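The values are calculated or read from the model by the stated rules, or taken from the named source; none is laboratory data. As the structure is a prediction and not an experimental result, all values here were calculated from the model. Here Cβ is always computed from backbone atoms with ideal geometry, including for glycine, and neighbour counts include all displayed protein chains.
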């Protein structure tokens, strides 16, 4: 599968709801977190939603980027 370049607006449509894939961006890379039960329905616990750039939010998370790096990279976030 070829990697895609996403704008933030395009990324927002991958929200994990109604059968859509759940994608999140971190430091310019877009990850597919659809397979994770922790992102079921496009929501990660209370504070994070699929279809968003988590770069700033990761600084407040109890884990680092190594957890997201376990998921497939499907593209890049434009203007990053």
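Count of region 25-47 residues, restricted to those that are under 19 Å from residue 6 (Cα atoms) and at pLDDT below 85, is 1. Identification of strands (runs of 3 or more DSSP E) wholly contained in region 1-40 with 1 or more residues that are over 19 Å from residue 56 (Cβ atoms) and over 9 Å from the mean Cα position of the chain (by Cα) yields 4-6.
A count restricted to region 57-80 and to residues that are modelled with pLDDT of 85 or more, under 13 Å from the mean Cα position of the chain (by Cα) and in a loop (DSSP other than H, G, I, E, B) stands at 2.
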